[in-house]
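The block underneath contains the structure these notes are about, expressed in structure tokens.
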């Protein structure tokens, strides 16, 4: 459900499947949704109420998931945030790290330019390549959170209210934006995958599979996991990226081509006492790969890269695009089908 979050913009509230899930949803909505009180209660729209909500959710036997929607839609500039702030994300994640687990990397309402509007309905400050500034800026807020070692994930949603052909600004669910989850066909495993970051996102069906693996000697870790490198061992970490481009055509009748893949790495330095921090200066694009750099293995392409002499705890993540933009540019009103990106969630490396 899209939750009317106290003190912030909308969030996903996802309830696990169980016999009493309707009661659980009713309890959380009726007690904490900021617009549910009658008569209206200003006390429902405070950060204190949001913290109370997260504490209640954390203590439930069947823990829900909470993920922020269109987190920078109310931002007035780059790093000039509105309803959702770095401080609120940190405070909420500190209270309920297994419940409050991320934000949308790519917001919904991506069809806005097809009807003369902005992607994501971001009218004050735009998305970058269809992605929220909190995700799209290398070394920005997402990297700041990851650099503390937080397990904070990104998703992509459609937020489909009214299709653009019917006067809205939306695509149908999954028509343009997709969140892929590595899980069995099982409710519990899907929730667990979302909770632990076994996720990648893409727009325009640029790719249909993505695997990111970090290896050291006989140990390996995938997205959402942590590779422990023993200090007495050789500290090189081998990164493998596997992706499968779309084999047919997407909903626009196109067969998009991946032009570049970027490997992004940042150091993990521990909790930041500045709750408003929104940068991680250690985060960099350490390698860019074009078609000449990857090898075909059946229907997949494989990229390999070695991080030499790793001396710090770090994380690695991947993004790719069909454009020639070195960094995703602020979006004007270009056709969203021509500006496609995919993002992985991170894999962590810790020196043991």
Kirkwood-type radius of segment 190-278, with distances r between different C-alpha atoms, in Å: 16.2 Å
Before rounding to the nearest 500, sum -39500 (n - 2.57) across all DSSP H runs of length at least 4 in the chain and divide by the residue total; then give [θ] at 222 nm in deg cm²/dmol. -4500 deg cm²/dmol
Defining a contact as two alpha carbons under 8 Å apart and six or more residues distant in sequence, what relative contact order in percent does the chain show? 17 percent
One finds the C-alpha centres of segment 174-195 and segment 24-90 to be spaced, in Å, by 23 Å
Expected-Rg normalisation [2.2 N^0.38 Å, Cα atoms] applied to segment 194-342: 1.15
R0 of 45 Å, Cβ-Cβ distance residue 324-residue 25: FRET efficiency to nearest 0.05: 0.50
One computes Rg over Rh for the chain from alpha-carbon atoms, with the Kirkwood Rh, and obtains 0.96
Which one, 321, 196, 306, has the greatest fluctuation when you compute a Gaussian network model over the chain with C-alpha springs under 10 angstrom? 306
If you take the square roots of the eigenvalues of the alpha-carbon gyration tensor of segment 1-118 and sort them as a ≥ b ≥ c, do you get rounded (a/c under 1.5), prolate (a/b over b/c) or oblate? prolate
Gain in length, residue 47 to residue 244, computed as 0.36 nm per residue apart minus the alpha-carbon separation, to one decimal in nm? 66.7 nm
Set the Förster radius R0 to 25 Å, insert the Cβ-Cβ distance between residue 189 and residue 91 as r into 1/(1 + (r/R0)^6), and round the FRET efficiency to 0.05. 0.25
Inter-probe distance in nm under a simple model that places probes 7 Å from Cα toward Cβ, at residue 284 and residue 305: 1.2 nm
Please work out how much length the chain gains when fully extended from residue 275 to residue 40, using 0.36 nm per residue of separation minus the C-alpha to C-alpha distance, in nm with one decimal. 81.5 nm
Rounded if a/c is under 1.5, else prolate if a/b beats b/c, else oblate: with a ≥ b ≥ c from the C-alpha gyration tensor eigenvalues square-rooted, which is segment 143-258? prolate
When the Cα centres of segment 197-265 and segment 272-315 are compared, how far apart do they sit, in Å? 10 Å
Which FRET efficiency value, to the nearest 0.05, is calculated for residue 172 and residue 1 with the Förster distance at 25 angstrom and r the Cβ-Cβ distance? 0.85
Rounded if a/c is under 1.5, else prolate if a/b is larger than b/c, else oblate: which is segment 270-341, with a ≥ b ≥ c the root eigenvalues of its Cα gyration tensor? oblate
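All of the numbers you see were taken from the coordinates with simple rules; none came from a lab. Just so it is clear, the model here is predicted, and its values are computed rather than measured. Don't worry about glycine lacking a Cβ; one is built from the backbone with ideal geometry, like all the others, and counts go over all protein chains shown.
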